[in-house]
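Everything below concerns the one structure shown next.
Coordinate-derived values only; no laboratory data. In this text the structure is predicted, and so the values were computed from the model without any measurement. Cβ sites come from the backbone with ideal geometry, for glycine too, and all protein chains shown count toward neighbours.
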Amino acid sequence: MKFADLHLHTKFSDGTFSPEELVLHAQKGGLSCIALTDHDTVEGCASAAIAAANVKMEFIPGVELTAEHNDTELHVLGYFVDTQNKKLLAEISKFQIVRQHRIHQMVSRINEMGVPLDEESVFALANCKSPGRPHVARAMVKAGFISHMDEAFERFLKKGRPAWVPKSKISALDAIELIHQAGGLAVMAHPGLNKTDEIIPAIVEAGLDGIECFHTKHSTAMSERYMEIADKYNLLVTGGSDCHGFSKGKPLIGTVKLPYERVEKLKAKVAERKSATAVS
Ligand SMILES: [Zn+2]
Ligand SMILES: [Zn+2]
């Protein structure tokens, strides 16, 4: 049987693996297909596609967008997006600027708390256009201000803590539209984490294609619940580990194994949409 992991991050956002390392770990994890879904960037997709092709692994270009609907945050995954699509690139470059500004704000607050974290050290460590909170946490550990990344979130960075700065979000409806116009499928990420069930009907109405039923942080009961929801609304089913690199000494990649037939259904939907737009 063939398996896929459709939720993965690299150094191009807040993961720690290069695309090449990611593919290496995917191989070790026994995967035949992977999708790269970095936050607000598709930059890693070109190298990941080459690395995957070198080992005859199937690669799906993707992205993860932070969105909201009626003040509820949700993450929207885009699969099979055209990574050269002009509108997609223009929009995500705006999100990247906002992310960089957010880092500036978080570091200022940390400084106000008496911790002399250097903003440049965060940007240097992140070394990407899509920096996020994990980079701030890693830079704090590296500078010796704290001993573990979790401490950074607990004391400073998580919601409700003094250095927490709200993230700006695209509306879910716009995120779906943006992904569609780039030829992609829009999938709701880890619904069990965001507790967003009440908004599902509205975003299905807006054109949501699928739902991530299988995720590292979903219990079996959650996965079953979202499979039922997928059935009810005729949504495609996806799954992935949301690997950001090593987690407690091991990478998560491959720990969530999506049967490949689910990927075939995604591909059929992309093909169907392409032929529909070609006719009209
Ligand atoms: Zn997410
Ligand atoms: Zn993710």
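Here are some notes:
- The dipole here belongs to the chain: it is taken about the Cα centre, uses +1 on the Cβ of Lys and Arg and -1 on the Cβ of Asp and Glu, and is about 420 debye.
- Within the stretch 125-280: Cβ-based charge dipole about Cα centre, in debye rounded to nearest 20 (Lys, Arg +1; Asp, Glu -1): 740 debye
- With only Cα atoms counted, the stretch 157-232 has Rg and Dmax values of 14.2, 42 Å.
- Modelled label positions at K86 and K195, each set 7 Å beyond Cα in the direction of Cβ, lie 4.4 nm from each other.
- Kirkwood hydrodynamic radius over Cα pairs of the stretch 63-104, then Stokes diffusion coefficient at 25 °C and 0.890 mPa s, in µm²/s: 211 µm²/s
- Viscosity 1.567 mPa s, temperature 4 °C, Stokes-Einstein D of the stretch 83-157 from Kirkwood C-alpha radius, µm²/s: 100 µm²/s
- Estimated distance in nm for a label pair at Q181 and A124, the labels positioned 7 Å out from Cα along Cα-to-Cβ: 4.0 nm
- By the count of other C-beta atoms within 10 Å, a proxy for reagent exposure, L36, L89, L157 are ordered fewest to most as L89, L157, L36.
- Nearest-20 debye value, the stretch 1-78 charge dipole, Cβ charges on Lys, Arg, Asp, Glu: 580 debye
- Restraint check, K158/K195; K56/K217; K129/K257, Cα-Cα greater than 21 Å: K56/K217; K129/K257
- Anisotropy class of the stretch 138-185 from Cα gyration tensor, a/c 1.5 cut: prolate
- From the alpha carbon centroid of the stretch 1-69 to that of the stretch 195-217 is 22 Å.
- Gyration tensor (alpha-carbon) shape descriptor, the stretch 202-255, a/c threshold 1.5: prolate
- Calculated FRET value between K142 and E272, using beta carbons and R₀ = 51 Å, to 0.05: 0.60
- Considering only V115, V76, V204, the mean-square fluctuation computed in a Gaussian network model of the chain, springs between alpha carbons under 10 angstrom, is largest for V115.
- Computed over the Cα atoms of the stretch 74-218, the ratio of the radius of gyration to the Kirkwood radius (Rg/Rh) comes to 1.02.
- Base-10 log of normalised Debye intensity for the chain (one unit scatterer per alpha-carbon) at q = 0.07, 0.08, 0.16, 0.17 Å⁻¹: -0.25, -0.32, -1.31, -1.45
- Put a dot 7 Å past the Cα of Y233, heading toward its Cβ, do the same for A221, and the two dots end up 2.2 nm apart.
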